[in-house]
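Right, one structure below, let's go through it.
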Amino acid sequence: MHYHFINDDRGELLDIMPFCCDSCHQQWCKENGAEYGGWNGAHESGDYGDYLEFCAQCGTVAGGPYECDCQRDNVVVNRFPSDDGEQCEQHGNWLQVPLNFIKIPL
């Protein structure tokens, strides 16, 4: 899992953006005018919370406590964001959240 930290002018942490991979992190920074601070991966799932996290760029499962094995096996990265998202047929859990679910930066 990769993270991008958003700080205010005083250096206080305002938000943490999760990503499934470094490519999504770089693309998100490019599209949102944020400074890419370099590779920030190898975080264990759930380091910053005990909830499922979705990539802020493509919407796929980035990490956290999976609700079903279908999410754990959803290892596709660098997808295009999807208007409709994708749910697993077996459980109905999100594999990729719809574009309007993706967090918008401050």
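Listed values, structure above:
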| quantity | calculated |
| --- | --- |
| Meets criteria (of a type in the set (G, A, S) and modelled with pLDDT of 90 or more) for S45 | no |
| Meets criteria (under 12 Å from the mean Cα position of the chain (by Cα), surrounded by 15 or more Cβ atoms within 10 Å (Cβ to Cβ) and modelled with pLDDT of 90 or more) for C55 | yes |
| Any hit, the stretch 84-102, residues being under 27 Å from L14 (Cα atoms), surrounded by 15 or more Cβ atoms within 10 Å (Cβ to Cβ) and modelled with pLDDT under 90 | yes |
| Pair list, Cβ under 6 Å, 6 or more apart: the stretch 4-28 residue in a helix (DSSP H, G or I), other residue of a type in the set (S, T, Y) | Q26/Y36 |
| Residues satisfying the stated conditions in the stretch 58-99, i.e. hydroxyl-bearing (S, T, Y) and closer than 18 Å to C24 by Cβ | T60, S82 |
| Looking only at the stretch 1-35, and only at residues there that are out of contact with any helix residue (DSSP H, G or I) (no Cβ under 9 Å at 6 or more places or on another chain) and among the small types (G, A, S), the one that is surrounded by the most Cβ atoms within 10 Å (Cβ to Cβ) | S23 |
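The values are calculated or read from the model by the stated rules, or taken from the named source; none is laboratory data. Keep in mind the model is a prediction, meaning the values are calculated, not measured. Heads up, the Cβs are rebuilt from the backbone with ideal geometry, glycines too, and the neighbour counts pull from every protein chain shown.
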